[in-house]
Structures are given as structure tokens and as C-alpha cells.
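What follows is one structure encoded as C-alpha cells, with my remarks underneath.
Laboratory data are not the source of any read-out in this text; all were calculated from the coordinates shown. These figures come from a predicted structure and were not determined experimentally. Cβ placement follows ideal geometry from the backbone for every residue including glycine, while neighbour counts extend to all protein chains displayed.
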Amino acid sequence: MSGIDNLKKSREPSSYSNELFNEQWQLYQKVLFNGYMGHQEIYGILHEWLINDFQKPFSMLELGCGDASFTAQALSNTTIASYQGIDLSEAALLIAQSNMEHLPCATTFAKGELSEIVLELVQNQQENFDLILGSFVLHHLSFEQKDFVMGKLSHLLKNGGIFLLIDVFRSENEKREDYLKRYLEDVRKNWSQLTPQEYSLVEEHIKKSDFPETQEIFYSLATKHGFTKKECLYHDALDTTQMLCFYLKGKNSCK
């Protein structure tokens, strides 16, 4: 089945809303496709991991899928059987639907707040997934929200299922303000294609919205919520971005 099944009906967005979305999305795409956040390398590693570790058909839930452009690339030539994406932006989900059309699998999309949709899935007991992916989304949540979401994900995974987290992290014992200073120094130094106005928008977003945890904090949350094995598949040179695997007890049934 293809389409935006759980997308809530809403009024047509205003021209201002469309303009704001387009401006922000164009900046985000500029950041991604210039490689400033390492997406090409990260999703290349993800693709190889999916090829090697999921040899049988598998189901996948993506948290904060955005336009799913890199996810669609990573899923190409894999055994993906069904995919569900969650995001707050209706405009992004419409693009995601288009980006996923070439994949030979069932696709569904849900619009709404991450915590609310995850809770709804658990309450309805509609799905059990082999793999849940969260890419650059959980760092926007408070610690309490991260704890809540991690607790629900274990109920959405099959026995032996995997939660794959791609995100930014603080170093051990590093305070948030020190992390922000370190990260933004790298942005100023290396994100060279941004205009001064674009840099200001990026800086404002990061200072307002980024609340990364340390790797150890996520390992502790994973243990608390029933994940029995943890593994780091990638970390960048700046030691901020990592790709972590959290495994529920039981052999991965898709190998």
C-alpha cells in the first residue's frame, strides 16, 4: 500500500507557510548536499550494513523521516518489505512519498509529533518492526522525552529487532554550552558555502533546538528499556556525530 495513510487533514497552508518551508528546506538541503553533516558517508555505511545484516525481508519505521531522500538511497537494492515514516511536516512527507516510490515495498506515512505517534502505534499494537531508524531527530527532544520514546520503541520492535540511532552527541562530561560552542566553531570554519544570513539561521536553530546527550547516557537508557547489546558503527572526526545500534534480546530474524 502506498500513500500518506495517517496524515491528518488540515487547511491549505498559507503562502507564508509555504515560503517559510521552502526557505528552510533549501538551506537544509544545501547543508546536506555539501556534506557538512556527513550524510553521504553515513548513509553509505548504512546501505552496506542493511545489505549485510538484513538478508530476509524486513520492516522499518523511521522517526523524523523528513523528505527521506538519503533513506531511499540507503534502502535501494535491500530486502525492505515495508516502510513507515513519521514527521511533523506535511510538505516534507509529500516529498518523502515521491522519493520512496521507486522502492518495491509498502510505504505509509504519519504526520504528527514524534512522541504522540509512537505512543499511538504502541497503544494500537498495529505494527512490530524489524528496524527503527532515528536520524538527527532525538537531539531535539528533552531528556525526559528521549527516555519516553526509547521506552516505547522496545514495544514496537520484534524480538531481536534493532533501533539504529544517527545523531549528534556531547563528549563525556561536556556541558551543553561547551558542546554548542565547539560545534558552531566547526560550522563557522568548514561550512564555507553558507552566506552570512544562512549561517545566522543555522546558529539560531542549533542554539534553540539542539539538546544532545552523551553516548553513555543513551547506553544507559537502552539498558533501562530492555536493549541488551549496543554497538557504534560510525563516529565523525569532530566526535559529535555517531551511528549507534541497540539490539533487543534475541537473534535478528532478518539475517
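Quick one: is F70 aromatic (F, W, Y), assigned to a helix (DSSP H, G or I), in contact (Cβ under 8 Å) with a residue 24 or more places away in the chain and within 25 Å of K249 (Cβ to Cβ)?
no
Give the residues of the range 75-103 that are within 13 Å of the chain's Cα centre (by Cα) and of a type in the set (G, A, S), sorted by residue number.
The answer is G85, and nothing else.
Got a number for residues in the range 20-67 being among the aromatic types (F, W, Y), in contact with a Lys or Arg (Cβ under 9 Å, 6 or more places away or on another chain) and either crowded, with 19+ Cβ neighbours inside 10 Å or assigned to a helix (DSSP H, G or I) (or both)?
1
Can you go through L248, L233, L194 and tell me which one is of a type in the set (A, V, I, L, M, F, W, C) and in contact with a Gly (Cβ under 9 Å, 6 or more places away or on another chain)?
Selected residue: L248, the only one of L248, L233, L194 that is of a type in the set (A, V, I, L, M, F, W, C) and in contact with a Gly (Cβ under 9 Å, 6 or more places away or on another chain).
Which members of the range 155-182 meet the condition of being in a helix (DSSP H, G or I), in contact (Cβ under 8 Å) with a residue 40 or more places away in the chain and touching a Pro at 6+ places or on another chain (Cβ under 9 Å)?
Matches in the range 155-182: Y179 only.
Only residues that are crowded, with 16+ Cβ neighbours inside 10 Å, under 17 Å from the mean Cα position of the chain (by Cα) and in a helix (DSSP H, G or I): list them for the range 199-241, please.
Scanning the range 199-241 gives I206, Q215, F218, A222.
A quick yes/no check of all residues on (1) in contact with a strand residue (DSSP E or B) (Cβ under 7 Å, 6 or more places away or on another chain); (2) closer than 20 Å to L156 by Cβ; (3) among the basic types (K, R):
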residue: G44; (1), (2), (3): no, no, no
residue: L50; (1), (2), (3): no, yes, no
residue: L63; (1), (2), (3): yes, yes, no
residue: F70; (1), (2), (3): no, no, no
residue: N77; (1), (2), (3): no, no, no
residue: A81; (1), (2), (3): yes, yes, no
residue: Q84; (1), (2), (3): yes, yes, no
residue: L93; (1), (2), (3): yes, yes, no
residue: A96; (1), (2), (3): yes, yes, no
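For the range 183-203, what are the residues that are in contact with a helix residue (DSSP H, G or I) (Cβ under 9 Å, 6 or more places away or on another chain) and free of Cβ contacts under 8 Å to residues at least 24 places away in the same chain?
If the condition is that a residue be in contact with a helix residue (DSSP H, G or I) (Cβ under 9 Å, 6 or more places away or on another chain) and free of Cβ contacts under 8 Å to residues at least 24 places away in the same chain, then L184, R188, Y199, E203 are the ones that fit.
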